[in-house]
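> A single structure is presented below for examination.
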Amino acid sequence: MNAVEQNPNRTCDTDALNALLRCQLSAVETYDRAMERCEDQHVLADLHRIREDHARAVVMLREKVTRFGGQPVEAAEPWSAFVSLVRDAAPVIGPAPALSALRQGEEHGINEYEDALKHENVNPECKDVIRTELLPGCRKHVEELNRLMGGM
């Protein structure tokens, strides 16, 4: 565990925060790749909006890692479900499988945030940000992706 001080309200497991940061970096990379393959301008606009939410989460998590004395991770790989889809599919992926792979990534992010909330060494301030901003954002993304898939 990486921590700044012994006061429990001033310490935080920055490794746990970096795991969340890595997940958000993966989301940004995955949405970038998905948008390169998207031809529908309405879907593209929605994907861009979701990608920007993840980019804001990256900034927020980097700040928390730094604030609590850690070194923020710099890069991550795209979500594995999307990478598999791209590798195994034809050059142009249909929107429904791509959206499904993105939803799987969002669901993974939800699980990561829920696990962090159970982690006793994650600072209460960080848990509050997860609970009020980051986790609801991922849940909203799943709803948006489901809506997009329902329109296919």
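> Would you be able to say whether some residue in the stretch 49-70 is at pLDDT below 90, under 21 Å from residue 146 (Cβ atoms), out of contact with any Cys (no Cβ under 7 Å at 6 or more places or on another chain) and among the charged types (D, E, K, R)?
For the stretch 49-70, residues at pLDDT below 90, under 21 Å from residue 146 (Cβ atoms), out of contact with any Cys (no Cβ under 7 Å at 6 or more places or on another chain) and among the charged types (D, E, K, R): absent.
> Let me ask something else. Can you find a residue in the stretch 13-31 that is closer than 30 Å to residue 122 by Cβ and not in a helix (DSSP H, G or I)?
Within the stretch 13-31 (the criterion being closer than 30 Å to residue 122 by Cβ and not in a helix (DSSP H, G or I)), the answer is yes, since at least one residue qualifies.
> Also: Return the residue satisfying two criteria in turn: it lies in the stretch 119-135 and is exposed (fewer than 13 other Cβ atoms within 10 Å of the Cβ) and without any contact (Cβ under 8 Å) to a residue 24 or more places away in the chain, and of such residues it is farthest from residue 17 (Cα to Cα).
If we take residues in the stretch 119-135 being exposed (fewer than 13 other Cβ atoms within 10 Å of the Cβ) and without any contact (Cβ under 8 Å) to a residue 24 or more places away in the chain, then 132 is farthest from residue 17 (Cα to Cα).
The values are calculated or read from the model by the stated rules, or taken from the named source; none is laboratory data. For clarity, every value in this text was computed on a predicted model and none was experimentally measured. No Cβ is skipped: glycine too gets one built from the backbone with ideal geometry, and neighbour counts run over all protein chains shown.
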